[in-house]
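Enquirer: This is the structure I want to talk about, given as structure tokens.
Every number in this text was worked out from the coordinates using simple rules, so none of it is lab data. Remember, it's a predicted structure, so these values are computed and weren't measured experimentally. Note: ideal-geometry Cβ built from the backbone for every residue, glycine included; neighbour counts use all protein chains shown.
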Amino acid sequence: MTLQEKVDDLRTITGCLGGFVTRDGATVASGLPAVFDHERLDRVAAIVRKLGAMADKSGYADSDFVMRFGKATLVVQSLGGGAHLALACEPAANVATIEVFASVAADDIRDALAHHVVTPPPPPVAPVQPSPPLHPGPPVQPSPPVLSGTERLEHARRRAIAAFGDRLATAKSLLIGEVGPIGDLLFVSALDRWLLDGPPDWARAHALRDALASEIDAPASKARFSGHAIWGHTQSR
């Protein structure tokens with residue numbers, strides 16, 4: 001059986017809605033129903049990678065763990081080498097029983113993952129060299145240095161912290177108060193996406209507020225978070 005077929009078989013486990021395999025924060029194979037959108041799945045995969053890295057730094061390499069959300073429970077098994085198997089389960093499912101099945105499935109999927117071939121991207125097209133001009137033109141001014149995506153993000157973080165770091169710290173504390181410790185990782189992920197989407201300007205805070213509020217399930221908690229004074233008169237768009 002292929003890796004995808006083995007992942008699809010996870011739905012036969014009682015209480016399991018489906019599973020997916022991640023490696024280095026990217027989704028390798030998914031057997032989840034279509035209602036699980038790819039954007040949120042990628043965000044969960046990134047969180048799984050960060051939790052695995054935190055466990056490694058704490059001396060608990062290749063740890064398994066359970067993540068509980070309002071509408072689902074995530075049972076995560078380490079596959080080693082930065083890879084994880086995650087099973088999305090119904091909130092009332094028997095987690096202890098599912099962990100037993102997940103442990104058995106992890107051994108099977110670990111072998112399939114070792115033989116899973118990822119199709120490499122096509123090679124880049126060689127740029128066409130422009131023909132030399134017939135007549136020399138004015139001297140060309142040197143272009144400013146081009147920052148990598150990581151450098152641009154780090155630069156935006158520094159600007160945001162310098163401009164409104166106190167409000168960001170309050171927003172993170174509020175989110176953790178509503179969703180628990182996982183709010184720390186959710187905040188960092190949402191902040192990075194917000195900084196990549198536009199300049200670090202508090203006039204755009206409505207987008208950050210709405211992204212963070214989407215992680216809160218309870219309507220009253222969501223309203224309390226969105227209505228906090230730090231957001232001022234920021235309007236949703």
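Enquirer: Which residue, chosen from LEU41, VAL21, GLY52, occupies the Cα position most advanced towards the positive end of the dipole of the range 9-54, where the dipole is computed from +1 (Lys, Arg) and -1 (Asp, Glu) charges on Cβ about the Cα centre?
Expert: Farthest along the dipole direction, towards plus: GLY52.
Enquirer: Turning to a different aspect of this structure: Would the range 1-109 count as rounded, prolate or oblate if I go by the C-alpha gyration tensor, calling it rounded below 1.5 in a/c and otherwise prolate when a/b exceeds b/c, oblate otherwise?
Expert: Rounded, since a/c falls under 1.5.
Enquirer: Place a point 7 Å from the Cα of ASP107 along the Cα-to-Cβ direction; which residues of the range 40-77 have their backbone N under 17 Å from it?
Expert: 64, 77
Enquirer: Per residue of the range 22-37, what does 6.51 cos²θ - 1.76 cosθ + 1.60 with θ = phi - 60° give for ³J(HN,Hα)? Whole Hz please, x for Gly and Pro, Karplus curve as stated.
Expert: Once rounded to whole Hz, the list reads 10, 9, 6, x, 10, 7, 8, 8, 9, x, 7, x, 5, 5, 7, 5.
Enquirer: Hey, another quick one. Can you classify the range 1-45 as rounded, prolate or oblate using the Cα gyration tensor, where a ≥ b ≥ c are the square roots of its eigenvalues, rounded means a/c under 1.5, and otherwise it's prolate if a/b beats b/c and oblate if not?
Expert: It comes out oblate by the Cα gyration axes.
Enquirer: So who's got an amide H within less than 5 Å of the one on LEU17, skipping anything under 5 residues away but keeping other chains? H placed 1.01 Å off N, in plane.
Expert: Here the answer is ALA88, CYS89, GLU90, since their amide H atoms fall under 5 Å of that of LEU17.
Enquirer: With the cut-off at 1.5 for a/c, could you classify the range 157-237 from its C-alpha gyration tensor as rounded, prolate or oblate?
Expert: Here the range 157-237 falls in the prolate category.
Enquirer: For the charge dipole of the range 1-90, defined by +1 on Lys and Arg C-beta atoms and -1 on Asp and Glu C-beta atoms about the Cα centroid, which residue among MET1, GLN77, PHE65 has the Cα displaced farthest towards the positive pole?
Expert: After comparing all options, I get PHE65.
Enquirer: Provide the per-residue ³J(HN,Hα) series for the range 38-47, in order, calculated from phi with Karplus coefficients 6.51, -1.76, 1.60 and θ = phi - 60°, each as a whole number of Hz, with x at glycine and proline positions.
Expert: Listing the rounded values in order: 5, 4, 5, 4, 5, 5, 5, 4, 5, 5 Hz.
Enquirer: Once the other residues with Cβ under 11 Å from the Cβ of LEU195 are scored (Lys, Arg +1; Asp, Glu -1), what is the net sum?
Expert: With Lys, Arg at +1 and Asp, Glu at -1, the net is +2.
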